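Quick notes on the structure that follows.
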């Protein structure tokens, strides 16, 4: 069980390799990306997705720009790499991690005195970011694993797995660490309409690691709780403010139903997901295009004249959260995110 | 606004016409059915669906069998019609309404003394059943309309509309009657995975009547409740026992979330849906094939090795139900289905 590396540097070929997430689960396709232009396309088309994975992709993107830049003069070289980095940065302006990964590598090479040195520094920093991300997921995994009982059936939503990170995963990292520690865990994966990251990606990466996974439609989750099949809900997070957890649309429904059935509701997320400056009302929920809901293959399943409301995320209030699992420890209810830094409340 | 007749007899052509529900919403296609064999195929392929509609289809099916039977002798004629009726009956063995409609027409023609008389009696009984069904929906509609405030936003799930009945609908009949009485009502239709009866059928028939409808994914419903967008949930029912309401998978989730948000949860269903003999534990929830979940057009969106759990229905306990709207009156909480017959509790 290695939690499926999502993207990695191919030293021999001098290329960035990644799993094309749009073709899963039907086709496991590794793309060898040899230009920043191709990487821009990959991120735009969601071939690479998931906030932590985008941070790593941004970092490797700058390393790739440095690797292929033909300039012989260090100043011209750095200028070209910076220009490529800016093209990469705007591909998904809402993903803070992308810019964060790019900036860390740019900063590292800013004072390089030779092109060879700049290339080595860029690649080294990108590799460091990827390893840090994986280490962070393992730390989350271990801390979360301690929370789970042996013989646990978890419900998860969307993909907070290896494919959303450099590897291992946040919520699915907890599943992997628990199983590695000898606990028996099986997973119900909600398909996660409209883009099906649950059925396509979560099921795929768990199957690949030999983990027992059952796909259900999102609306069946509550009924499984009623039948006492689910022991806990475990999801990732896109942003955690003082008052709510933002995550894939549907997360809130699971939190409400978990509370009604007296089932724990766990969130697994790195500290980089915490946003202490904002509250729910300050964050705009992204509404995506209607075609995600209306198109089913080549079929149109919604009449043209009908409205469609397609929120990408929802907000779950902190009082429905049993615990947030971070790489530094577990925040138990009542969750107070100030304790993330002071760590007073973290056990 | 006429609530889209779903199936009807074409007197000139001597055929049973129906809307093919598998091709909606992309194509409005009326099939002229001239043989029992074609009708058997139509029901098997879900071209006609919905319990009340199946009762009407069974009745018209026997009338069609009588209409096309070439026999000249009354005994041979009745024997042929009965044989056709049995072929029709087993098409969907779980739909009680189908057999009920068939039996009513068979009984009507059993003592006919001529073929002409039998054909007239069969068609007359089938037309009577269709009209009774429509009248029942209008009665449900009017009684339900009184429950709704002006300027109401309803959430519905699956299709409890004209397409599931002979016309008008049960839950959507309430919407139509409320609007006809001058109330302003708009509807959020949950798409209803996996077969999308909400986005394909409910949205289509409401648009056709000029009713404001917005399609959402099933898992977005709770978040709309949190945003105070939904005033009430209104669904149909497949079977109502003493303790629970069986309806399309996802109904229970809406009931739990409605309770959490203090929103009324209404069920609209004819008295024929009530089953006083059974309790939840006595009824087996149909599990349908995995391909409904794994196939998206030509794509396979679930890995072959993953399990799939595909319940067609769920059960909502009576204590989550605010009221059940029947053609004879409204059963308010605490709902006691014994009062359906005694009508003591019906206001």
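The values are calculated or read from the model by the stated rules, or taken from the named source; none is laboratory data. Keep in mind that this is a model prediction, so the values were computed, not measured. Glycine also receives a Cβ, built like all others from the backbone with ideal geometry; neighbour counts cover every protein chain displayed.
For region A:236-248, enumerate the residues that are more than 12 Å from every other protein chain (Cβ to nearest Cβ), surrounded by 24 or more Cβ atoms within 10 Å (Cβ to Cβ) and not in a loop (DSSP other than H, G, I, E, B).
Listed by number, the residues that qualify are A:240, A:245.
Give just the number: which of (1) part of a loop (DSSP other than H, G, I, E, B); (2) at the interface with another protein chain (Cβ under 8 Å from one of its Cβ atoms) does residue B:289 not satisfy?
Just one mismatch for residue B:289, condition (2).
From the residues in region A:185-220 that are at the interface with another protein chain (Cβ under 7 Å from one of its Cβ atoms), more than 18 Å from the chain's Cα centre (by Cα) and surrounded by 22 or more Cβ atoms within 10 Å (Cβ to Cβ), which one is farthest from residue B:292 (Cα to Cα)?
Filtering first and then ranking leaves A:213.
If I filter region A:292-312 down to residues being more than 8 Å from every other protein chain (Cβ to nearest Cβ) and in contact with a strand residue (DSSP E or B) (Cβ under 9 Å, 6 or more places away or on another chain), which single residue comes out as nearest to residue B:192 (Cα to Cα)?
Kept after step one, since they are more than 8 Å from every other protein chain (Cβ to nearest Cβ), are these residues of region A:292-312: A:292, A:295, A:304, A:312.
Those left that are additionally in contact with a strand residue (DSSP E or B) (Cβ under 9 Å, 6 or more places away or on another chain): A:292, A:312.
Values: A:292: 15, A:312: 18 Å.
Top of the filtered list is A:292.
Can you say whether residue A:324 is assigned to a loop (DSSP other than H, G, I, E, B) and touching a strand residue (DSSP E or B) at 6+ places or on another chain (Cβ under 9 Å), as far as the supplied structure shows?
Values: assigned to a loop (DSSP other than H, G, I, E, B): no; touching a strand residue (DSSP E or B) at 6+ places or on another chain (Cβ under 9 Å): yes.
No: the conditions fail for residue A:324.
Here is a list: A:252, A:223, A:266. Which entry is more than 12 Å from chain B (Cβ to nearest Cβ) and under 22 Å from residue B:256 (Cβ atoms)? Walk me through how you get there before you give the answer.
On the way: A:252 fails: more than 12 Å from chain B (Cβ to nearest Cβ); A:223 fails: more than 12 Å from chain B (Cβ to nearest Cβ).
Exactly one of A:252, A:223, A:266 is more than 12 Å from chain B (Cβ to nearest Cβ) and under 22 Å from residue B:256 (Cβ atoms), namely A:266.
I'm checking my understanding of the structure. Among residues of region A:88-122 that are assigned to a helix (DSSP H, G or I), under 18 Å from residue A:46 (Cβ atoms) and in contact with a helix residue (DSSP H, G or I) (Cβ under 7 Å, 6 or more places away or on another chain), which one is modelled with the lowest pLDDT?
By that ranking, first place goes to A:97.
Which numbered condition trips up residue A:32, out of (1) out of contact with any helix residue (DSSP H, G or I) (no Cβ under 8 Å at 6 or more places or on another chain); (2) within 18 Å of residue A:116 (Cα to Cα); (3) not in a helix (DSSP H, G or I)?
Only one criterion in (1) out of contact with any helix residue (DSSP H, G or I) (no Cβ under 8 Å at 6 or more places or on another chain); (2) within 18 Å of residue A:116 (Cα to Cα); (3) not in a helix (DSSP H, G or I) is unmet by residue A:32, namely (2).
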